[in-house]
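Worksheet for the structure shown next.
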């Protein structure tokens with residue numbers, strides 16, 4: 001059998017693995033410095049500010065195009081959410097009524113197994 | 001010229017042939033990779049019990065003829081989708097639990113909508129989890145419920161358990177749950193209060209975009225994505241490798257946004273003031289000290305967890321008041337602890353042997 005230490009494929013995979021470990025360790029060390037945090041958050045702050053301004057600009061543009069604004073879409077989403085909530089309440093009520101009627105059925109109408117299981121060591 | 005020691009000259013033609021075959025397979029499978037959609041995930045049959053905005057409560061259909069009395073509610077981390085625990089048949093934690101006779105519910109999350117940016121920690125701990133527990137009680141007809149929390153789902157479960165410490169939680173299982181947030185060194189540095197203006201961020205973006213969450217996770221191991229893509233190319237001839245790669249890659253990149261105010265609470269209370277570790281945490285004005293937890297508790301941690309290092313997680317078991325408590329450290333990383341081939345052999349049987357006797 002060939003010695004794995006001389007197999008070029010194994011050598012390549014080992015090298016990639018070691019490079020990954022080395023680079024991650026190096027980057028992690030660099031990222032624990034306060035300077036990194038400062039630079040990262042400065043860049044992040046600029047991006048967030050730009051994103052906010054872009055969002056406001058888009059809203060004005062949509063308004064001028066006679067398209068629904070974000071606020072209107074959010075309003076619609078809230079109404080849909082209320083309808084969804086009410087549907088779920090109706091489902092829950094139907095489920096409760098089904099359970100109260102004494103039918104031993106699951107949510108999907110299938111019979112449910114008894115809750116009598118014991119751990120393997122304790123089984124009769 | 002002599003061959004280097006250990007090199008088997010006779011095996012070279014065979015090796016070249018094998019590599020050529022693999023190269024051909026790579027080309028064929030590479031085309032297949034980009035033209036197919038990957039395995040269907042999260043397909044264990046379930047019913048949606050309740051949906052309210054970002055909150056989803058599922059009930060999985062039993063797979064055993066007889067189930068344990070106490071139902072199990074899994075609380076998923078708010079940053080990721082719950083199908084990590086239900087990948088494909090044979091590699092699904094949910095399927096495993098169902099086959100071992102547990103009645104399983106999951107509190108899973110979808111992306112919070114723009115209008116949900118005002119959700120706070122108290123909405124998760126004092127509203128969503130209690131609401132789901134109540135619905136599990138109602139659906140199962142049982143008063144007691146065991147709770148399993150994964151990663152930040154574990155933090156939410158701990159906060160819930162410390163406030164509602166008179167029940168109905170019967171057992172608590174946490175997977176890779178951080179307590180000392182100072183020990184999450186990189187996240188701690190990313191959110192250094194001297195430079196990270198969380199108020200400005202949340203006031204600007206509303207909900208924290210998933211790209212930001214994903215890049216902060218990827219920054220913990222910046223070379224790993226590139227290396228995993230090299231490994232994919234090397235192994236693209238191997239259907240099992242590709243299937244596994246696609247499952248985990250899809251899940252890892254399917255990150256959820258976080259509700260703005262909730263993120264602000266996490267940053268200020270946990271990252272900056274480390275209140276969970278210090279025992280000074282409050283949620284909605286109510287004291288939430290994990291020292292008040294008395295139920296049986298199991299904490300599973302991963303030996304090579306780069307997201308929640310052991311130093312961040314190790315305080316959980318010493319701090320809770322429970323008499324019946326155990327920490328188990330298993331080989332693997334933050335994700336491979338709970339999903340994949342290693343989890344099938346290590347964590348899942350351990351959890352079953354711990355929980356079974358406490359579920360009757």
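Where a number appears in this text, it was derived from the coordinates with a stated rule and is not lab data. Everything quoted here is computed from the prediction, not taken from an experiment. Virtual Cβ from ideal backbone geometry, glycine too; neighbours counted across all protein chains shown.
Key figures
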read-out	value
Relative compactness, the protein assembly as shown, computed as alpha-carbon Rg over 2.2 N^0.38 Å	1.08
Shape call, the stretch B:141-271: gyration tensor on alpha carbons, a/c limit 1.5	oblate
Cβ-based exposure ranking for B:326, B:240, B:116, in which fewest neighbours within 10 Å come first	B:240, B:326, B:116
Inter-site label distance for residue B:211 and residue A:83 at 7 Å from Cα along Cβ, in nm	3.2
Helix-derived mean residue ellipticity, 222 nm - over the protein assembly as shown, DSSP H n ≥ 4, -39500 (n - 2.57), to 500	-14500 deg cm²/dmol
Most to least packed among B:248-254, B:56-62, B:157-163 [average Cβ atoms within 10 Å]	B:157-163, B:56-62, B:248-254
Value of relative contact order over chain B, rounded to a whole percent, pairs C-alpha under 8 Å and six or more apart	20
Average other protein chain Cβ within 10 Å of Cβ, residues B:107-117	2
Averaged over B:306-316, number of beta-carbon atoms from partner chains that fall within 10 Å	0
Three-way shape call for the stretch B:182-333 based on the alpha-carbon gyration tensor, with the a/c threshold at 1.5	oblate
Ranking of B:79, B:226 by count of other Cβ atoms within 10 Å, fewest first	B:226, B:79
Packing-based exposure ordering (other Cβ within 10 Å, fewest first) of B:83, B:105, B:310	B:310, B:83, B:105
Global geometry of the stretch A:8-67, whether rounded, prolate or oblate, following the gyration tensor of its Cα atoms and the 1.5 cut on a/c	oblate
The stretch B:112-211 - Debye-derived log10 I(q)/I(0), Cα point model, q = 0.20, 0.22, 0.25 Å⁻¹	-1.13, -1.21, -1.32
Neighbouring partner chain Cβ atoms per residue of A:37-44, average, 10 Å criterion	5
Degrees separating the helix B:224-234 axis from the principal Cα axis of chain B, which is the longest one	40
Chain B: most fluctuating residue of B:328, B:70, B:125 per GNM, C-alpha cutoff 10 Å	B:328
Highest to lowest packing among A:113-122, B:292-301, scored as the average C-beta count within 10 Å	B:292-301, A:113-122
18 Å cut-off, amide nitrogen to a point 7 angstrom out along residue B:218 Cα→Cβ, residues in the stretch B:235-257	B:245-257
